[in-house]
Amino acid sequence: MRRVIIAGNWKMNKNISESIDLANAIKRSLYNVEEVEIVVCPPFTSLSDVNEIVLESNIKLGAQDVYWEKEGAFTGEVSSPMLKNVGCEYCIVGHSERRQFFGETNETVNKKAKALLKEGIMPIVCVGEKLEDRKANKTFDVIKDHVTNSLAGLTKEDMRKVVIAYEPVWAIGTGVNATKEQAQEAHKYIRALLKDMFDGTVAESARIQYGGSVKPDNIKELISQEDVDGALVGGASLKADPFVQIVRGCL
Ligand code: PEP
């Protein structure tokens, strides 16, 4: 049985006091939810304060990015030991916004995932096609490229700690979510790739989140799909109410 995982990606939103308010509101509303794994990913500047709130609660802390070196002259970067030290159990890597605006590639995603795993932090590895890829019937090619190269060299043991987020770029922040059929088709394909790369056990146990305009009114149909094991939520994670409803929609 794969445990459903709902993660909120706050992106570059929320100052420290806003982050504290949001984390407190989520914690208050979801304190009794054990069936779903709940993760919040605030910006770096709020990690420490949000950690104080979620510490010893059912809410886990995640970061939105990491650099693969441990320490040194890498101005502006944050390492996996630093994330561990501030309380992160998860970290998003390869988000499409990082691929689009910051030159993230499968190769850098791979290095980041390995650095996180060394520290015992679970990477949430984002993959997914752009609209032009889908229109050109290249959806599966892009997914295969992202999955095989981002996870290259990981062991079966590593894969127990990896979460994959299928995020079609055309669905992110657009209000247009993938249909449940489109999501299921992509997730099933990702699971088949994992079987080829690793084995059937890894494929069956790997959690694959869907991301892209997830809202309280579409979570139920998405999560009902056999291979959809959760959601990575952007816009709807910025207020407690919709995020809480999304989590509750998975119960
Ligand atoms: C995201 O940024 O990961 C995301 C899925 O955003 P949204 O939910 O706003 O589409």
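The values are calculated or read from the model by the stated rules, or taken from the named source; none is laboratory data. Computed from a predicted structure; not experimentally measured. Glycine gets a Cβ as well: all are built from the backbone with ideal geometry, and neighbour counts include every protein chain shown. With ligands, DNA and RNA removed, areas are computed over all heavy atoms of the protein, side chains included. Shrake-Rupley method; radii C 1.70, N 1.55, O 1.52, S 1.80 Å.
Select from the range 172-196 the residues that are farther than 30 Å from Thr155 by Cβ and surrounded by fewer than 20 Cβ atoms within 10 Å (Cβ to Cβ) and write down the one among them that is farthest from the ligand (Cβ to nearest atom). So, considering only residues that are farther than 30 Å from Thr155 by Cβ and surrounded by fewer than 20 Cβ atoms within 10 Å (Cβ to Cβ), the one farthest from the ligand (Cβ to nearest atom) is Glu181.
Report whether or not Gln209 is at pLDDT 95 or above, in a helix (DSSP H, G or I) and of a type in the set (S, T, N, Q). Here the answer is no, as Gln209 does not meet what is asked. For the range 162-171, the tally of residues that are more than 8 Å from the ligand (Cβ to nearest atom) and open to solvent by less than 10 Å² (accessible area, probe 1.4 Å) stands at 5. The condition of being among the polar types (S, T, N, Q) and within 16 Å of Asn9 (Cα to Cα) holds for Ser237. The residues in the range 73-106 that are surrounded by fewer than 22 Cβ atoms within 10 Å (Cβ to Cβ), of a type outside the set (Lys, Arg) and away from the ligand (no atom under 16 Å from the Cβ) can be counted, and the count is 16.
Looking only at the range 242-251, count every residue that is away from the ligand (no atom under 11 Å from the Cβ) and of a type outside the set (D, E, K, R) and tell me the total. Spell out how you get there, then give the answer.
Of all residues in the range 242-251, those away from the ligand (no atom under 11 Å from the Cβ) come to 244-245, 247-251.
From what is left, the residues that are of a type outside the set (D, E, K, R) are 244-245, 247, 249-251.
Looking only at that region, the number is 6.
Here are Asp199, Asp229, Asp217: which of them is more than 16 Å from the ligand (Cβ to nearest atom) and of a type outside the set (Ser, Thr, Tyr)? Reasoning before the result, please.
On the way: Asp229 fails: more than 16 Å from the ligand (Cβ to nearest atom); Asp217 fails: more than 16 Å from the ligand (Cβ to nearest atom).
Result: Asp199 is the single residue among Asp199, Asp229, Asp217 that is more than 16 Å from the ligand (Cβ to nearest atom) and of a type outside the set (Ser, Thr, Tyr).
For the range 101-120, how many residues meet the condition of being over 22 Å from Ser57 (Cα atoms), of a type outside the set (Val, Ile, Thr) and without any contact (Cβ under 8 Å) to a residue 40 or more places away in the chain?
Filtering the range 101-120 down to residues over 22 Å from Ser57 (Cα atoms) leaves 101-118.
Those left that are additionally of a type outside the set (Val, Ile, Thr): 101-104, 106-107, 110-118.
This time we only want the ones that are without any contact (Cβ under 8 Å) to a residue 40 or more places away in the chain, so: 101-104, 118.
So the answer is 5.
For the range 204-212, the criterion of a residue being more than 15 Å from the ligand (Cβ to nearest atom) and surrounded by fewer than 17 Cβ atoms within 10 Å (Cβ to Cβ) is satisfied by at least one position. If I ask for residues that are open to solvent by 10 Å² or more (accessible area, probe 1.4 Å) and within 10 Å of the ligand (Cβ to nearest atom), which ones from the range 232-241 would you list? Correct list: Gly234, Gly235, Ala236, Leu238. The requirement of being buried (at least 20 other Cβ atoms within 10 Å of the Cβ) and modelled with pLDDT of 95 or more is not satisfied by Gly153.
Kindly indicate which of Val125, Val142, Val109, Val147 is within 16 Å of the ligand (Cβ to nearest atom), in contact with a strand residue (DSSP E or B) (Cβ under 9 Å, 6 or more places away or on another chain) and in a helix (DSSP H, G or I).
Details: Val125 fails: in a helix (DSSP H, G or I); Val142 fails: within 16 Å of the ligand (Cβ to nearest atom); Val147 fails: within 16 Å of the ligand (Cβ to nearest atom).
Only one candidate passes the filter, namely Val109.
For the structure I just gave you, tell me whether Lys112 is basic (Lys, Arg) and open to solvent by less than 20 Å² (accessible area, probe 1.4 Å). Reasoning before the result, please.
Numbers: basic (Lys, Arg): yes; open to solvent by less than 20 Å² (accessible area, probe 1.4 Å): yes.
So Lys112 passes the test.
Considering only residues that are buried (at least 18 other Cβ atoms within 10 Å of the Cβ) and closer than 23 Å to Pro123 by Cα, which ones fall in the range 23-42?
Passing the criteria: Ala23, Ile26, Lys27, Val36, Glu37, Ile38, Val39, Val40, Cys41, Pro42.
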